[in-house]
Structure formats: C-alpha cells, structure tokens
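Participant: Right, I'll just put the structure down here and ask away after.
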Amino acid sequence: MIEFKDVSLVYPNGTEGLKQVNVHIQEGEFVVIVGLSGAGKSTLIRSINRLVTPTKGELIVDGDDVLQLNNKQLRTLRTKVGMIFQSYNLVRRSTVMKNVMAGRLGYTGTWKSIFHLFSNEDKRLAYENLQRVNIEDKLYNRADELSGGQQQRVSIARVLAQQPKVMLADEPVASLDPPTSHQVMKYLKQINEEDNITTIVNLHFIDMAMEYADRIIGMRDGEIVFDGPVSQVSEQTFEQIYGRSIRDEDMRGGMKGA
Amino acid sequence: MHKSASFTPEGLYPRKTKLTITISIVIVSTFYLLSSIMTESFLLDLFIKMPNVFGLIGEFFPPEWSYLEEIWPKLFETIHIAIIATTVAVIISIPFSLLTANNVTTNHWLYQAMRFLLNIIRTVPDIILAVVFVGLFGIGAFSGIIALIVFAVGILVKLMSEVIESIDMNPSEAIRASGGNGLQTIYFAIVPQVLPQFISFSLYVFELNIRASLVLGLVGAGGIGQLLNKEINFFNYPAVSTIVIIVFAVVVIIDYISGKLREGLV
C-alpha cells in the first residue's frame with residue numbers, strides 16, 4: 001500500500017528531515033509513529049500526501065510513485081489520502097456541514113463547488129459521516145462554536161467524506177485532554193477496523209501508542225530506529241527510541257485500569 | 001550601612017538626552033521659521049485677518065433653501081457615482097488582493113510585480129486621477145467613476161491583501177491535503193476567513209468614495225462637486241452654503257448607516 005524506498009528529505013535550510021527511510025506499510029494496518037518532536041514523524045507522514053516533497057528516493061502510495069506525479073495526479077492521490085491535524089484545521093467561520101463538504105472538493109469541479117452544487121449523494125455522505133462520529137446535531141453550527149474534541153471529530157468526518165484508502169493523523173490528540181484523546185483515538189481505530197482504511201498516526205504518548213497500534217515505528221533524527229508489532233514493544237524499546245529514560249510527560253494517562 | 005550622598009543628580013534625564021532634545025527643538029523651530037518666511041505665510045495672519053473671515057461667513061447666511069430643487073439631481077448623481085465606482089472596484093480588487101498577498105501568490109516575481117503596480121496606483125492622488133480622466137473622457141460623471149474606481153482599488157487591495165496575509169493558513173493546508181485545487185482552496189479556506197473584513201472595507205471605501213466624489217466634481221468629474229464649483233465661481237454664497245449643509249447631512253447619514261452595518265459584521 002505505502003512503500004518508502006531510500007527516501008530522504010532535506011529542507012531548504014539544510015535540515016535533514018528524513019535520512020534513507022525504508023518502510024513498507026500494508027493495507028489496513030494501524031501504524032503509530034513515535035518519536036520526540038523534531039524526530040521526523042511529521043515529515044514522514046506529510047511526505048505520503050506530499051505536503052512536503054522528499055528530495056531523494058521512491059515513495060509508492062497505492063501503486064504510484066508520489067514523487068513523479070504532476071499537479072492533477074497529485075490531487076487525485078490526495079483524495080485517496082485523508083489527513084487529520086493537531087489543530088483540526090477547520091475553517092472556523094464556516095459551518096460544520098461546509099467543513100465536511102470540503103472533503104468532497106477533490107471529486108467536484110471547481111465551478112460546481114464554488115456555487116455549492118454538490119450532489120445529493122455527497123450531502124448524504126457528509127451527514128452519515130457526521131453520524132459516525134456522533135456530531136450530526138451540530139450540522140449547521142459554526143466550527144468555532146465547538147469544543148476541541150468536537151472539532152477533531154468534524155475533521156474526522158471531513159476525512160471520511162473523502163472515502164479515503166489511507167488516513168494520516170499528525171498528532172491528532174496533542175491539543176486535547178486525556179478522556180477526549182481516547183475518544184478520538186477510538187474513533188480512528190474503529191474506522192480503521194470497519195472500513196479497512198490504512199491508518200498512520202503520529203503520537204508522542206507511549207501509553208496511547210501501546211493501546212491503539214498494531215505496529216509501532218520509532219523515529220529519531222530522521223531515521224527509523226524501531227519497526228515492529230506492538231507485541232514486541234516494551235518500555236526499553238521506547239527508551240531506545242527516545243534515547244533517554246521514560247518520563248511522566250511521555251504518558252497521556254486516562255486509560256482504563258491506569 | 002548608609003552611603004553618604006556625595007553625588008547630586010542634575011535632573012530627571014541624563015545630560016546627553018537633554019542636549020539631544022534641545023538640538024531637536026532648535027532644528028524644528030528653524031525649519032518652521034524658514035518655511036514661514038519662504039512661503040510668506042504666518043500663523044499670526046489667522047488672527048489679523050479674522051474680520052475678513054467673519055465678513056465672508058456672513059455672506060453665506062441665510063442659506064438659500066429654494067436652491068434645493070437644483071441640488072437633488074446632482075446629489076443623487078454623486079451617490080450613483082460612488083455606488084457604481086465602489087461596486088466595480090470591489091469586484092476588481094478581489095483577484096488583485098489575492099495576487100498581492102504573499103501567502104497566496106507564492107511566486108516571488110509575480111507578487112513583487114503586483115505590489116509595485118499597486119504602490120504606483122496608490123501614490124497618485126484621487127484629484128490627479130480625476131484631472132487625467134476628465135482630460136481623456138471629457139467632463140462628466142463617467143470620468144469621475146473611472147477615477148474613483150482606480151482610487152478605490154488602490155486602497156481596497158492594500159487593506160485586503162494585509163488581511164489575507166494575516167489569516168490562519170492551516171485550513172488551506174487541510175483543503176489542499178484533501179485534493180482541492182487552488183481556486184477551491186481560496187474559496188473554501190480563505191474567503192470565509194476574510195469575507196467580513198472585506199465587506200467592512202467595501203463599505204468604508206463607499207464612504208470614502210462619497211467624500212472623494214465631492215472633491216472630484218471640482219475638476220469637472222460630475223456630481224454635486226461640479227455644482228459647488230459653479231456657484232463658488234459665481235459668488236453665489238447662499239447657494240453654496242445650502243450645498244454644504246446638504247452634503248454634510250448626507251455624509252453624516254451615510255457614514256452612520258455604513259458604520260452600523262460594519263459593527264454588525266466583525
């Protein structure tokens with residue numbers, strides 16, 4: 001599904017974001033990428049839909065090398081790859097409905113979208129996806145009237161409206177409190193299982209990574225320093241990834257039994 | 001452990017600061033005196049010539065109310081000029097303000113070229129624009145409209161591009177990440193963020209255009225300013241004072257309405 005072959009990325013200021021990364025992610029996997037901030041987690045995830053462009057290597061997503069795509073092909077790829085952000089990235093002044101419909105833009109012609117001429121199926125799809133994350137009663141509320149957790153659920157509905165094959169989540173719970181964080185992660189996990197959407201999540205909380213991941217990839221200084229199923233992961237693994245001992249701040253808490 | 005006060009500070013500011021201030025005052029007053037002498041205009045004249053001023057003001061009263069009949073058509077012409085000019089300017093300024101915002105126009109050369117063009121437009125005063133267009137298109141409302149469009153586009157684009165540059169770019173990233181193209185990103189992520197400001201600025205420019213179209217009339221660009229100019233030249237001061245009173249009332253009313261509308265927006 002997603003394959004990194006010797007992918008490197010050097011930012012214009014000379015920072016090396018990725019160094020010779022090789023990863024193969026199967027369809028339907030729930031992968032959590034862990035690492036300290038600056039380790040290259042975001043760079044890795046944003047390379048997949050080319051919000052950042054790797055400078056070397058090959059990056060195959062759903063059969064295409066994303067580094068070779070022209071603008072139109074890139075937009076087609078992006079419709080297949082949904083993304084959830086740390087700061088939700090909703091348009092705060094627009095309604096929940098309009099924000100979710102933004103997920104259909106890649107499938108809709110420019111003029112049709114400007115005159116809001118979305119098909120009835122698209123509108124129904126948007127509503128169904130809001131129902132899936134239990135926020136359909138806020139349909140016509142403005143996004144800035146919602147709490148952080150609610151906004152993140154709307155952004156999940158927006159991604160679902162894309163009917164993606166891959167879902168990327170860049171620190172989706174970093175701005176949320178522990179109970180809301182678990183709620184959001186549960187929705188992601190549920191969607192991953194029910195729709196078989198390949199899901200890649202960046203997290204820096206060890207306990208959350210352990211609870212939700214099938215597979216954990218550890219990054220440090222732009223390199224992959226661990227890659228294995230969650231059953232192989234122990235506290236020592238994290239100490240090895242982080243290059244230091246585990247601290248309280250590496251835990252989100254709020255888990256059942258914790 | 002008291003230290004003996006062997007040092008008495010000279011004042012509230014160090015000597016160097018005082019010297020700087022003194023020199024600045026001397027320089028500024030010299031410039032003032034020089035300017036006064038060169039232009040042969042002294043503030044004192046204001047008081048010496050006061051009797052003339054009062055004499056002239058006397059001639060403006062009482063206003064000639066029967067003159068109102070002639071004012072209305074020209075007054076509406078002024079308002080029409082402002083409405084047409086503002087509407088056209090607003091439409092023109094949408095693409096231009098996007099092109100002069102560096103977060104939308106990422107091509108450095110295009111961005112710089114657009115900024116340069118708009119800076120040039122803004123440096124030309126509205127009255128000069130009117131003189132030029134009256135020369136090109138002849139006396140009348142049309143020249144005034146064109147002049148005001150250029151004037152309003154300059155202001156609107158400047159204000160709007162700064163608003164666009166200050167928006168949150170994260171939603172645009174989300175729209176791009178979901179496969180939206182450039183226009184869709186602008187329409188779904190940028191427009192909702194800037195729309196209230198944009199409408200507010202448009203109303204503000206409408207107010208400016210009402211006032212500017214009065215002045216433009218003086219050089220023959222249509223509207224009530226043209227009437228004002230005529231009556232001043234005929235020394236028909238009672239009519240002039242009627243015009244001034246009406247214009248004052250209209251400007252106050254329009255400013256009030258547009259101010260209230262803008263309050264409701266932001």
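Participant: Let me see the pair-distance distribution of chain B: every alpha carbon pair, 10 Å bin width, integer percents in order.
Facilitator: Taking every Cα pair in chain B, the percentages come to 6, 19, 21, 20, 17, 10, 5, 2, 0.
Participant: Along the Cα-to-C-beta direction of A:Ser37, a point sits 7 Å from the Cα; which residues of region A:204-248 have their amide N less than 13 Å from that point?
Facilitator: In region A:204-248, the label zone of A:Ser37 (backbone N under 13 Å from the point 7 Å along Cα→Cβ) covers A:204-205.
Participant: While we're looking at this one, here's another question. For region A:97-167, report the translational diffusion coefficient in µm²/s to the nearest whole number, using Stokes-Einstein at 20 °C, 1.002 mPa s, and a Kirkwood Rh over Cα pairs. Write out the running numbers ahead of the final one.
Facilitator: Working: Rh = 12.2 Å.
The diffusion coefficient I find is 176 µm²/s.
Participant: Please report, largest first and rounded to whole Å, the three semi-axes of the ellipsoid equivalent to region A:170-211, where each semi-axis is the square root of five times an eigenvalue of the C-alpha gyration tensor. Mind showing how you got there, number by number?
Facilitator: On the way: eigenvalues 61, 24, 16 Å².
Ellipsoid half-lengths, sorted descending, are 18, 11, 9 Å.
Participant: Just the Cα atoms of region B:8-47, one point each, no solvent: what log10 I(q)/I(0) does Debye give at q = 0.14, 0.18, 0.30 Å⁻¹?
Facilitator: Rounded to two decimals, the profile gives -0.49, -0.62, -0.95.
Participant: What whole-number value in Å² describes the accessible area per residue of region A:2-250 for a 1.4 Å probe? Mind dumping the intermediate values first?
Facilitator: Working: 10420 Å² over 249 residues.
Solvent-accessible surface per residue comes out at 42 Å².
Participant: With only alpha-carbon atoms in the gyration tensor, what are the semi-axes of the equivalent ellipsoid for region B:93-235, in Å, largest first?
Facilitator: Numbers: eigenvalues 288, 45, 22 Å².
Ellipsoid half-lengths, sorted descending, are 38, 15, 10 Å.
Participant: Just to be sure I understand: if you take the accessible area of chain A alone plus chain B alone and subtract the pair, with a 1.4 Å probe, what total do you get in Å², rounded to 100? The partial results should precede the final answer.
Facilitator: Working: alone 12090 and 16810 Å², together 26780 Å².
Adding both sides of the contact gives about 2100 Å².
Participant: Could you tell me which of B:Tyr256, B:Ser166, B:Val240 has its Cα farthest along the dipole of chain B towards the positive end, charges placed at Cβ (Lys, Arg +1; Asp, Glu -1), taken about the Cα centre?
Facilitator: Among B:Tyr256, B:Ser166, B:Val240, the one farthest towards the positive end of the dipole of chain B is B:Ser166.
Participant: What whole number of Å gives the distance from the Cα centroid of region A:1-42 to the Cα centroid of region B:101-150?
Facilitator: 49 Å
Participant: Taking only complete DSSP H runs, can you tell me which helices of chain B stretch 18 Å or more along their own long axis by Cα positions and average at least 0.5 on the Kyte-Doolittle scale? Spell out each step's value before the answer.
Facilitator: Numbers: long enough: B:15-39 (36 Å, 1.07); B:68-99 (46 Å, 1.41); B:108-123 (23 Å, 0.30); B:141-165 (35 Å, 2.01); B:191-217 (37 Å, 1.08); B:237-265 (42 Å, 1.50).
What comes out of the filter, once short or polar helices are dropped, is B:15-39, B:68-99, B:141-165, B:191-217, B:237-265.
Participant: Going by average Cβ neighbours within 10 Å, how do the peptides A:39-48, A:213-222, A:15-24, A:137-146 rank, with the highest at the top?
Facilitator: Numbers: A:39-48: 23.4, A:213-222: 20.7, A:15-24: 17.1, A:137-146: 14.9.
Taking the mean over residues of other Cβ atoms within 10 Å, the ranking is A:39-48, A:213-222, A:15-24, A:137-146.
Participant: If you count, for every residue in A:84-90, the Cβ atoms of partner chains within 10 Å of its Cβ, what is the mean? The partial results should precede the final answer.
Facilitator: Values: counts 2, 5, 1, 5, 3, 10, 4.
Partner Cβ neighbours, averaged per residue: 4.
Participant: Post the alpha-carbon centroid distance, region B:211-266 to region A:86-108, in whole angstrom.
Facilitator: 46 Å
Participant: Then there's this: Can you give the helix-only mean residue ellipticity at 222 nm for chain A, where every DSSP H stretch with n ≥ 4 adds -39500 (n - 2.57) and the sum goes over all residues, rounded to the nearest 500 deg cm²/dmol?
Facilitator: On the way: 9 runs with 89 residues, N = 258.
Rounded to the nearest 500, the figure is -10000 deg cm²/dmol.
Participant: I would also like to ask the following. In sequence order, what are the phi-derived ³J(HN,Hα) couplings for region A:88-93 according to the Karplus relation 6.51 cos²θ - 1.76 cosθ + 1.60 with θ = phi - 60°, rounded to whole Hz, with x for glycine and proline?
Facilitator: 6, 6, 7, 7, 5, 8
Participant: I would also like to ask the following. Averaged across orientations, what area in nm² does the convex hull of the alpha carbons in chain A project? Intermediate values should be presented prior to the final figure.
Facilitator: Details: hull surface 56.4 nm².
Mean projected area of the Cα convex hull: 14.1 nm².
Participant: Measuring with a 1.4 Å probe in the full set of protein chains, what accessible area per residue, in whole Å², belongs to chain B? Mind dumping the intermediate values first?
Facilitator: Details: 15700 Å² over 266 residues.
Roughly 59 Å² per residue, with all protein chains present.
Participant: If you line up the Cα atoms of the protein assembly as shown on their principal axes, what length do they span on each, largest first, in Å?
Facilitator: Result, largest extent first: 100, 86, 43 Å.
Participant: If you don't mind, there's one more thing I want to ask. Given the whole protein assembly as supplied and a 1.4 Å probe, what does the accessible area of B:Ile199 come to in Å², nearest 10?
Facilitator: Counting only protein heavy atoms, B:Ile199 exposes about 70 Å² to solvent.
Participant: Something else now. Arranged from highest to lowest average of other beta-carbon atoms within 10 Å per residue, in what order do the peptides A:158-167, A:242-251, A:179-188, B:100-109 appear? Could the numbers behind the result be given before it?
Facilitator: Details: A:158-167: 23.7, A:242-251: 12.1, A:179-188: 18.8, B:100-109: 15.4.
Highest mean packing first, the order is A:158-167, A:179-188, B:100-109, A:242-251.
Participant: What is the average number of partner chain Cβ atoms found within 10 Å of a Cβ in A:68-81? Walk me through the intermediate numbers first.
Facilitator: Values: counts 0, 0, 0, 2, 1, 0, 2, 7, 1, 1, 6, 4, 1, 3.
Neighbouring Cβ atoms belonging to other protein chains average 2 per residue here.
Participant: Expressed as a whole percent, how much of the Cα-Cα distance distribution for region B:51-161 exceeds 20 Å?
Facilitator: Details: 3463 of 6105 pairs.
Tail of P(r) above 20 Å: 57 percent of Cα pairs.
Participant: If R0 is 60 Å, what FRET efficiency do you get for A:Gln73 and B:Phe137 from their C-beta distance, rounded to 0.05? Spell out each step's value before the answer.
Facilitator: Working: r = 50 Å, r/R0 = 0.83.
Calculated value: 0.75.
Participant: So what does the Cα-only Debye profile of region A:131-258 read at q = 0.10, 0.13 Å⁻¹, as log10 I(q)/I(0), no solvent term?
Facilitator: The Cα Debye sum returns log10 ratios of -0.35, -0.59.
Participant: Label B:Tyr13 and A:Glu121 with points 7 Å out from Cα along Cα→Cβ: what is the distance between them in nm?
Facilitator: 7.7 nm
Participant: Something else: Please list, or write none, the aspartates and glutamates whose alpha carbon is within less than 16 Å of the alpha carbon of A:Lys19, excluding same-chain residues fewer than 8 places away.
Facilitator: Result set, ordered by chain and number: A:Glu3, A:Asp6, A:Glu58, A:Asp221, A:Glu223, A:Asp227.
Participant: Report the antiparallel proportion of the DSSP beta bridges in the protein assembly as shown as a percent, rounded to a multiple of 5.
Facilitator: Details: 20 of 38 bridges.
Once the DSSP bridges in the protein assembly as shown are tallied, antiparallel ones form about 55 percent.
Participant: Quick one: with all protein chains in place, what share of the accessible area of region A:2-250 is carbon or sulfur, to the nearest percent (1.4 Å probe)?
Facilitator: Working: 4540 of 10420 Å².
The C+S portion of the solvent-accessible surface of region A:2-250 is 44 percent.
Participant: Okay, next question. Ignoring ligands, DNA and RNA, please state the percent of accessible area on chain B from carbon and sulfur, probe 1.4 Å. Can you show the working numbers first?
Facilitator: Details: 11400 of 15700 Å².
Here carbon and sulfur together make up 73 percent of the probe-accessible area.
The values are calculated or read from the model by the stated rules, or taken from the named source; none is laboratory data. Keep in mind that this is a model prediction, so the values were computed, not measured. Please note: Cβ atoms are built from the backbone with ideal geometry, for glycine as well, and neighbour counts cover all protein chains shown. All accessible areas refer to the heavy atoms of the entire protein, side chains included, with ligands and DNA or RNA removed. Shrake-Rupley method; radii C 1.70, N 1.55, O 1.52, S 1.80 Å.
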